[in-house]
Amino acid sequence: MGVYKSACCVILVALLTVICTSGEDPYRFYNWNVTYGDIYPLGVKQQGILINGQFPGPQIESVTNDNLIISVFNSLDEPFLISWNGVQQRRNSWQDGVFGTNCPIPPGHNFTYVLQVKDQIGSYFYFPSLGLHKAAGGFGGIKIDSRPRIPVPFPPPAGDFTILAGDWFSKNHTDLKAILDGGNNLPIPDGLLINGHGSNGFTFTVDQGKTYRLRISNVGLTTSINFRIQGHKMLLVEVEGTHSLQNTYSSLDIHLGQSYSVLVTADQPPQDYYIVVSSRFTSQVLSATSILHYSNSAGSVSGPPPGGPTTQIDWSLEQARSLRRNLTASGPRPNPQGSYHYGLINTTRTIRLTNSAPIINGKQRYAVNSVSFIQPDTPLKLADYFKISGVFSLGSIQDNPTGGGAYLQTSVMNADFRGFAELVFENPEDTVQSWHIDGHNFFVVGMDGGQWTPASRLRYNLRDTISRSTVQVYPNSWTAIYMPLDNVGMWNIRSENWARQYLGQQFYFRVYSPANSWRDEYPIPRNALLCGRALGRRTRPL
């Protein structure tokens, strides 16, 4: 009888283990040491920010719903934070990694991010969010694959390459920060990089006849880019987590903070070909090249690198309008992407956001609806959680352009959980803007030149527009989005032009639920760092 009981106990424990194991999504663990190190991206030695000695940093490989445990040790001599561009942090803005939600990691200290790529697929990147750290490196790719049982609308590629491209400055990030702090604009970038290298510094090897997936992100500070491959077409298949209608492009505009996936077939004679990125909408065209190397190559690259568009806005606008969702493809869940009929939902609120470039107190600043954001002394999320008064006030930024003079303020806009907002980005300036919203994907329903009016809604795409988290606004133009307010938290809405973001073109969106329930938002992490006026408070017992 004792043997029988023991056997039953063993079986019960085994069953419980299987149930518990199968009932929880997988965990992936990363240990990162952040240091300074010498880098030579444009052939000149600079002090870069390295992660585990790498520039760019190591890639995050994950699958939908994976739990990512990322332990970051700050070996720099200044505070540091990492944010996750496009990762939605469902119910968990505690892990967003911007100063509005997190205290920086002090020098010589560690912080462990605990986040989940819940109901997401696609291509994203991480980056250092404080000051001008992004100008020194510290960024890397994030790949979220679909779960095996959910079909993907194209055959498995023979290989998968991440391409992190963008502008680069030869000046140290502290020098760039000093330029902005002095009330001046940044100079023209010194060049462009592809995966941390200038021209012909990186090679992608392919086999003739096979198809490869390229995940391309613009990780630069100030410049839109165009991407193309000599002699090859690109089949667009994914835009920031959305399977797209599979249009073919000869070149692709990628604005600041944006990410795309394309399929490229090595269907040309066996030799080497140029991969080119060049700057868009700049008076001086910058470019950088890499090499697409056929494994059976009979020769090196020949001829000049293929040229691309330079300042043509209409060309870029038409390309942007051609981006569509693949309605029949599954997203991160088995249901088709077209099963969410965003165009049939009544909007609960319209918010018009106008960017500007005012001079305040004799210095260059940037603003949204006349408010130029200034960092508080305490992260907004902590101030909200601990009910610390005087850090911010709701309504410190208006829903519409004021037309008045610009001023400095820690701007926070309130929003109701489960609302459905129409946001209109209005750009009266002569430069391209790029906007990112943390914690959400949104539907890009329209964009056009001139002034937005309610009549502009007649031209909205309410059926199959792309869903994403970063969108451009062309000069003297507007872009309209529909956004489900389905994620409780304190979320950053910012310019992806990092100089403009640093000098005030950002604010926070407080998506609020009165329920105070774990169903709507996770509790404060036990390991949350506390700073500012939150020092001495308690999180939760360990």
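The values are calculated or read from the model by the stated rules, or taken from the named source; none is laboratory data. A quick note: this is a predicted structure, and the numbers were derived from the prediction, not measured. All Cβ positions, glycine included, derive from the backbone under ideal geometry; neighbour counts span all protein chains shown. SASA here: full protein model, heavy atoms, side chains in, ligands and nucleic acids out. Shrake-Rupley method; radii C 1.70, N 1.55, O 1.52, S 1.80 Å.
Taking a sphere under 10 Å around the Cβ of Asp464 and counting the other residues whose Cβ falls inside, with K and R at +1 and D and E at -1, yields a net charge of +3. Peptides 463-471, 424-432 ranked from most to least packed give 463-471, 424-432, packing being the mean of other C-beta atoms within 10 angstrom over each peptide's residues.
What is the range 342-534's relative contact order, in percent, from Cα pairs under 8 angstrom and six or more apart in sequence?
On the way: 448 pairs, mean separation 53.6, N = 193.
RCO, the range 342-534: 28 percent.
Projecting label points 7 angstrom from Cα along Cα→Cβ for Lys171 and Ile313 puts them 2.7 nm apart.
Taking the Cβ-Cβ separation of Asn400 and Arg321 as r and a Förster radius of 25 Å, what is the calculated FRET efficiency to the nearest 0.05?
Calculated value: 0.45.
For the range 342-534, the carbon plus sulfur part of the accessible surface works out to 49%, probe radius 1.4 Å. Applying 1/(1 + (r/R0)^6) with R0 = 22 Å to the Cβ-Cβ distance of Trp518 and Ile150 gives a FRET efficiency near 0.25. Charge dipole of the chain (Cα centre as origin; +1 on each Lys and Arg Cβ, -1 on each Asp and Glu Cβ, all else neutral): 1140 debye, rounded to the nearest 20. Lysine pair count for the chain with Cα-Cα distance under 28 Å and sequence separation of 8 or more or different chains is 18. Label separation (Ser393 vs Thr348): 2.5 nm, computed from points 7 Å beyond Cα along the C-beta direction. Express the relative contact order of the chain as a whole percentage, based on alpha carbon pairs under 8 Å and six or more residues apart in sequence. 14 percent. Antiparallel beta bridges, as assigned by DSSP with both residues in the chain, represent about 70 percent of the total such bridges. Summing charges over all other residues whose Cβ lies under 15 Å from the Cβ of Phe204, with Lys and Arg as +1 and Asp and Glu as -1, gives +1. Among the trypsin sites (Lys or Arg not before Pro) in the range 354-447, those placed in a DSSP loop whose Cβ has at most 11 other Cβ atoms within 10 Å are Lys387.
In plain terms, the chain from Asn247 to Arg463 could stretch by 76.0 nm, reckoned as 0.36 nm per residue minus the Cα-Cα distance.
This structure gives Cα extents along the principal axes in Å, computed directly, and of [x] 74, 48, 48; [y] 76, 60, 46; [z] 82, 66, 52 that value is listed as [z]. Each of Gln284 and Asn31 was given a label point 7 Å from its Cα along the Cα-to-Cβ line. The distance between the two points is 4.5 nm. The residue among Ile437, His197, Tyr366 whose Cα reaches farthest toward the positive pole of the charge dipole of the chain, with charges on the beta-carbon of Lys, Arg, Asp and Glu, is Ile437.
Under the combined filter of DSSP loop state and at most 12 neighbouring Cβ atoms within 10 Å, the range 36-112 retains these trypsin sites (Lys or Arg not before Pro): Lys45. Hydrophobic, long helices, defined as DSSP H runs whose alpha-carbon span along the helix axis is 18 Å or greater and whose mean Kyte-Doolittle value is at least 1.6, occur in the chain at 2-22. Net charge in the neighbourhood of Ile313 (other residues with Cβ under 14 Å of its Cβ; Lys, Arg +1, Asp, Glu -1) is -4. Each of the peptides 264-273, 237-246 was scored by the mean count of other Cβ atoms within 10 Å over its residues; in descending order, highest first, they stand as 237-246, 264-273. Relative contact order for the range 159-322: what is it in percent, counting Cα pairs under 8 Å that are at least 6 residues apart? For the range 159-322, the relative contact order is 25 percent. Taking all protein chains into account, the per residue accessible area for the range 342-534 stands at 37 Å² (1.4 Å probe). Farthest toward the positive end of the dipole of the range 27-145, out of Phe127, Leu42, Gln88, is the Cα of Gln88, where the dipole comes from beta carbon charges about the Cα centre.
Packing order of peptides 99-111, 135-147, highest average first: 135-147, 99-111 (average count of other Cβ atoms within 10 Å over each peptide's residues). Just the protein heavy atoms count here, and of the accessible area of the range 27-145 at 1.4 Å, carbon and sulfur take up 50 percent.
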